[in-house]
Amino acid sequence: MKQVSVKIAAILVVSILFFACAKTEFEPLPQDKLLGDSLQTTYSIQQLITEFDTDSDAYTDTINSKGGLFTVKKIVSAQPVVISGVVTSTDVEGNVYKYMTIQETKPNGLAMKISVDMSGLSAIYPLGQRVWIKCNDLVLGKYAQSYQLGVKYINLTKSKLKKSTNTTIYRTEPGRIPPPIAKKIIHSYGLPEPALIKVDTLTISQIKSAGPNIINKLVCIKNAYFTSKGANNGYTANLSDNELIFAPGTNGVGYPQSREIQDGTGSLFISTSEFSKFANNVLPTSNYKGNITAILGWYNDKEMSINSNKIYHQLTLRKLSDLGKGFEDYHLNNK
């Protein structure tokens with residue numbers, strides 16, 4: 001027994017020495033793999049729009065003109081079609097839902113809305129995250145005249161009868177990208193750098209005259225205040241006392257609620273989902289005046305020609321703290 005014990009001990013010592021001398025450290029991962037996977041940008045957002053935009057829209061086309069309110073065009077190319085930018089949206093407070101916005105970092109860069117059928121996108125693509133999107137086989141389209149990237153979606157709840165052929169035409173629009181596809185085509189790289197996000201400081205008058213190139217961008221309006229009014233079909237309407245919150249319930253319909261702001265140069269609407277964390281917060285009264293940062297949207301689902309008296313721009317607060325300098329007391333009083 002003693003000899004057996006000695007032999008076992010000898011084997012253990014040899015084994016320990018062998019593994020101690022063996023290489024147990026692995027080569028470190030290259031930084032580009034550790035921090036994600038970047039791609040080569042081949043298209044600017046403007047180039048993407050120029051090449052793949054369409055105004056063909058059977059649902060809103062008329063005899064005399066193209067509708068162009070809800071469109072889709074598949075991005076088909078033998079070469080990689082890759083756009084890039086920095087994530088400027090966050091869904092942590094529930095007012096941004098199943099989409100993200102990216103903005104190019106170059107001077108005069110544009111922004112794009114990316115529809116993805118996933119909640120909690122900010123856990124994967126947080127504010128300031130650099131991303132590359134391979135657009136091949138996605139669709140570029142307009143939803144209520146506003147550009148989006150997504151997949152083709154046929155909206156069976158929206159249709160019209162084409163009398164000349166007695167056929168039903170359904171509205172086609174950019175739908176949400178399924179998660180398995182999104183994970184393959186959206187590439188992130190590096191750690192989030194919120195400092196990369198550039199906010200355009202504009203007056204409401206400047207926003208309304210700037211044209212489509214600022215849609216989906218992050219804007220800051222100074223000296224802005226809430227008027228305690230809302231919207232009715234694009235026009236300003238008075239709110240009742242129980243409506244003086246960001247977003248009253250809609251009995252499950254789910255449309256965003258609009259609240260008017262002004263800055264002395266004009267007025268716009270801030271749109272808020274009833275499912276946001278601050279939906280039931282009391283609106284700031286007009287004595288609170290300061291900086292409001294928001295994603296600038298556009299919504300026109302009916303008008304073939306723009307009615308200059310109506311307000312089509314929509315502002316989306318990413319989080320309640322987007323009410324910035326000037327609203328400090330409001331935040332203190334509404335904790």
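The values are calculated or read from the model by the stated rules, or taken from the named source; none is laboratory data. No experiment lies behind these values; they were computed from the predicted model shown. Virtual Cβ from ideal backbone geometry, glycine too; neighbours counted across all protein chains shown.
General observations
- Residues in segment 113-131 include none that are in a strand (DSSP E or B), surrounded by fewer than 20 Cβ atoms within 10 Å (Cβ to Cβ) and over 12 Å from the mean Cα position of the chain (by Cα).
- Whether a residue is more than 16 Å from Val199 (Cβ to Cβ) and at pLDDT below 95 was assessed, and Lys289 does not pass this test.
- Restricting the search to strands (runs of 3 or more DSSP E) fully inside segment 192-277 and requiring at least 1 residues that are under 23 Å from the mean Cα position of the chain (by Cα) and either at pLDDT 95 or above or not hydroxyl-bearing (Ser, Thr, Tyr) (or both) gives 218-232, 257-262, 267-272.
- Checking each residue in segment 278-307 for being assigned to a loop (DSSP other than H, G, I, E, B) and among the hydrophobic types (A, V, I, L, M, F, W, C) picks out Phe278, Ala279, Leu283, Met304, Ile306.
- Annotation: of all residues in segment 139-161 being farther than 20 Å from Ile181 by Cβ and small (Gly, Ala, Ser), the one that is surrounded by the fewest Cβ atoms within 10 Å (Cβ to Cβ) is Ser159.
- A search for C-beta distances below 7 Å between a residue of segment 314-335 that is in contact (Cβ under 8 Å) with a residue 24 or more places away in the chain and any residue that is of a type in the set (Asp, Glu), counting only pairs 6+ apart in sequence or on different chains, returns Lys319/Glu93; Leu320/Glu93.
- Criterion applied to Tyr147, Tyr189, Tyr170, Tyr125 was being in contact with a helix residue (DSSP H, G or I) (Cβ under 9 Å, 6 or more places away or on another chain), among the aromatic types (Phe, Trp, Tyr), over 24 Å from Pro212 (Cα atoms) and in the same structural domain as Val96 (by TED's automatic domain parsing), and the one residue passing it is Tyr189.
- Pairs, first touching a residue at least 12 places away in the same chain (Cβ under 8 Å) and more than 22 Å from Gly141 (Cα to Cα) in segment 203-232, second among the basic types (Lys, Arg) and assigned to a strand (DSSP E or B), C-beta under 7 Å, six or more apart: Phe226/Arg259; Gly230/Arg259
- Only strands (runs of 3 or more DSSP E) whose full extent lies in segment 57-108 are considered here, and the ones with at least 3 residues that are more than 17 Å from Thr42 (Cα to Cα) are 70-74, 99-103.
- Leu296 vs. criteria touching a His at 6+ places or on another chain (Cβ under 6 Å), buried (at least 22 other Cβ atoms within 10 Å of the Cβ) and under 27 Å from Gly141 (Cα atoms): no
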